[in-house]
1. Would you call A:L97 surrounded by fewer than 19 Cβ atoms within 10 Å (Cβ to Cβ) and either hydroxyl-bearing (S, T, Y) or at the interface with chain B (Cβ under 9 Å from one of its Cβ atoms) (or both)?
2. Counting residues that are more than 23 Å from A:I597 (Cβ to Cβ), which strands (runs of 3 or more DSSP E) fully inside region A:610-716 reach at least 1?
3. Restricting to region B:34-77, name every residue that is aliphatic (A, V, I, L, M) and over 20 Å from the mean Cα position of the chain (by Cα).
4. Given the conditions (1) crowded, with 19+ Cβ neighbours inside 10 Å; (2) within 14 Å of chain B (Cβ to nearest Cβ), which single one is not true for A:F58?
5. Of all residues being without any contact (Cβ under 8 Å) to a residue 24 or more places away in the chain and either buried (at least 21 other Cβ atoms within 10 Å of the Cβ) or of a type in the set (A, V, I, L, M, F, W, C) (or both) in region A:531-587, which is nearest to A:D688 (Cα to Cα)? Just the residue, please.
6. So, in region B:53-76, of the ones that are crowded, with 18+ Cβ neighbours inside 10 Å and within 14 Å of chain A (Cβ to nearest Cβ), which residue ends up farthest from B:Q27 (Cα to Cα)?
7. Any residue in region B:106-115 that is farther than 22 Å from A:W355 by Cβ and either out of contact with any Phe, Trp or Tyr (no Cβ under 8 Å at 6 or more places or on another chain) or not in a strand (DSSP E or B) (or both)?
8. Just name the residue that is farthest from the other protein chains (Cβ to nearest Cβ) out of those in region B:136-146 that are touching a residue at least 24 places away in the same chain (Cβ under 8 Å) and surrounded by 15 or more Cβ atoms within 10 Å (Cβ to Cβ).
Amino acid sequence: MGSDNDRPLDHLPEDLVGQLSPEVPAGDVVAAAPYDIDADGMYTEGYLVLTADRLGCFQRNNGQWDTRWLGAATIGRASVIDGLGMKVLRLTRDEELLAEYRFTLRHAKSAARIHRQLERIIGDGEPGQDEPDRPDEKKLRCDKCGRVIPAWSEMCPACMNRRKILFRILDFGRPYIGRAIGAFAVALVMTGMGVAQPWLLRPLINQGFGAADGAVPDYGVVLMFVGIMAGLMALRLGGQILQLRLSLGFGTLVSRSIRQKLYTHMHKLSLSFFATRQTGALVSRITQDTERLWRFVSSTVIEMILAVLTLVAVGVCLFVMDWRLACFTLLPIPLMMFLMIFFHKRLRRAFRQMWFRWEQMTAVVADALPGVRVIKAFSQEQREVDRFQQRSTALFNEERRYISGARSVFAPLMLFASGLGSIIVWLVGGWWLCQGQTDVGTLMAFQGFLAMFLRPIHEIAHMDEMFNRAATSAHRIFEVLDTEPAIFSRTGATKADDIKGRIELQNVSFSYDGIRKVLHGVSFKVEPGQMIGLAGPSGGGKTTLVNLICRFYDTLEGRILVDGVDVRDYDVADVRRKIGVVLQEPFLFHGTVAENIAYGKPTATMDEIIAAARAANANDFILDFPDAYDTIVGERGQSLSGGERQRISIARAILNDPAVLILDEATSSVDTETEKLIQEALERLTADRTTVAIAHRLSTLRRSDRLIVLDKGIVMEEGTHDELENKPGGLYARLLSMQREAQSAIGLAGGVTPAGGKPEVEPAHGPGRGH
Amino acid sequence: MMDRQIDDNLAEYLGDSPRVIRIERGQAGQVVAHLSGADEPATDVKLVRYFPWSMPEGYVSIRTADGKELAMLTDLDVLDDASREVVESELRDKAFNPKIIRILEYSHEFGITSIKAETDRGEVIFQFRGRHAIRLLSPTRAIFRDVDSNTYELPDFNALDATSQRYLQRYF
């Protein structure tokens, strides 16, 4: 994504670049975007190329490029229209249509980018800096081959170099290389001993049992060979224990260092990294993927090497013993290989099909059970049951096909094929034995060797899959490790030690997806100690503004100054430490109440914790809990009501003593008494602190030094509560009167939001301790 | 056109929608709506289908550019021919949902399905992942939503040729 920004021509076909280059130097191109629908609504291949003073349009037509240039000065207005499954870039001048270009949603982002630059050129006469790179955002397509990247991966699985990746894992093992070499050496010796076992059968039977020509049974010889066998077995026992200790230990060491490095790195990445990924997928990266690597490093690698060695060693033994018999005995091996490859493909395909049905069925359950209240309320149980039964039957049919098809045939066939080897030995070997060309000991040894064949063959057949799996896991991990954080402290970043709390926004614009702007040129100033209330309908951009001030994201255009310095010039961790956040649905970690209050300041003393809780009016309800401050909250702990959570979060902020406070007020209604307690706590918290509050409560709105009313990302009004309240036709005045009506209708004192626009009247979850 | 029954207690919510008198094109090709009860025509309105998939023929909302509804058109037959033509051409022009005629190639790799299809808008290759990408509108009609959120409609599974059916069998 970043690369199209820096070099807009990279994504153009070569012949077009060739045609362009004599007249338009690459450096002049501000933005380029493919468009793929023509005026008749048919697919086409076209490109828009924008320079500072003109817009070129190229559409492929029988190997030629139909070209049209539009002077930027002739364009009066550029707008993007959202259609159903498409975007239209419309260029007009004084009521006259100049051109329309149509994009499928695949090119929505580049269309938005060219539109932004066009608007800047029309407005300021020159293009501007666009969209900061967010290298930790998940990519949709591979930069190299254009393939779509699966949800579970960070990079194109088709483009990854498996061998290189696997070597990189082993690189993590370098500090422990001694163990790996030791494990391998032991394994090597063990293979030799394993092969020796059947080899010993021949002299045991021929000489010991007297099966060879002219030999007589000799118990002394029997004892000797049995003794050697027992000795070898004991050695193998010891060797196996040693080998497992070494290799498993090596694996755990490697997976520990990968796991820890991965988690540490994840916490360096910014919010956009997490916002574009599912939490579950990230969790599995730390748990499952590292576990898989552990298995790979500790056993797969060695097993693979051993499997190959064993096959070769057994093969050599067979040929040395009796090369003619060996040739016959090995006949079923290609058959087994073929069976494995043949069924492997089929089983995989059938399994995928089954998985698809399985997912469809799970979806019904996952969808219905959380909504069981609604199902019961509208008595639609039967419909849900029917829906499930339909999907369940579809799964059943697929399973039946799978079982009766490949699944039930494969394993028996494999056993049969490997049994063929034995039969051949008896058949062919038996004939030679009767002819006196071989002896019983050889035949028995052959049988012993054959038994050693099955497992390595099986392992080698699955080798590809095992390697792929490990490489995929490794890749998922390395991609995270290789991701650069989008938000980082510049070298030589300013220390934010004594921030006073003056905040200034200069012409700030922002977009999460690079397509739709959610803030348009927002500017305002907050003096130290002042309180600013952000009001406006939901989706107006209030939370986004707060995200930018905390520097969870960087602005698209404009800048944010804290004490006169661009926030991007501060050390990130430093500046965040100076900004306190009270969220409307505060997150409580699993731990005690005291630990949660002291989350931002783990060194806080007991006295400090209690003082903060008192200031937040939380002391009383905390002492009502069974274990008071030692009560466990969070998942599976004591459940807290919304009002209680808020006060814990206020206590957290008070304890942290930030210079700047971000307050995301709750919209949910609480009872009058609780409301009063929260208000008091908030007043203590905001006193003498620069506060930016997403304000819903009348009391906060009134108390703010200034209100900023945002709608659709634009500052609509600015002023004190009193000024705005009486502004005729004002948005704030309208929201306020709506709130008052709602309040008098519902009869609530102060909970309902004027600004949020979501009246939280949810009969099912009243105030009080949930569940 | 269709049976439009409504409960008495709900009727009042639909009753006060202004009537559409005439719809025409403005100079720059924008849509202009003349509505009852308004002195000025609404210039540059946006037309949005209420049910783009389940009822693509009727039910059109007439909205301002910033998303406020001005009127609701349930049945295009009430319009004069010229207005109707404007509405239909505008809806066609601002919607892009190719209909799949034939599947040319199908592949599945790393959990991503890639389909090359012939559609009424030309040939296209698109990719999607997971079960959420396929929506069955009826046992034989489906919508595929690709990774970029583009949609491709398969109007009738049974009308496909045998090869295409074999590729898509799993979804039906």
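The values are calculated or read from the model by the stated rules, or taken from the named source; none is laboratory data. Keep in mind the model is a prediction, meaning the values are calculated, not measured. Here the Cβ positions follow ideal geometry from the backbone for every residue, glycine too, while neighbour counts run over all protein chains shown.
1. yes
2. Strands (runs of 3 or more DSSP E) meeting the threshold: A:706-711.
3. Result: B:L35, B:A38, B:A42.
4. Among (1) crowded, with 19+ Cβ neighbours inside 10 Å; (2) within 14 Å of chain B (Cβ to nearest Cβ), A:F58 violates only (2).
5. Within region A:531-587, the match that is nearest to A:D688 (Cα to Cα) is A:V567.
6. B:Y59
7. No, there is no match, as no residue in region B:106-115 is farther than 22 Å from A:W355 by Cβ and either out of contact with any Phe, Trp or Tyr (no Cβ under 8 Å at 6 or more places or on another chain) or not in a strand (DSSP E or B) (or both).
8. It comes out as B:A142.
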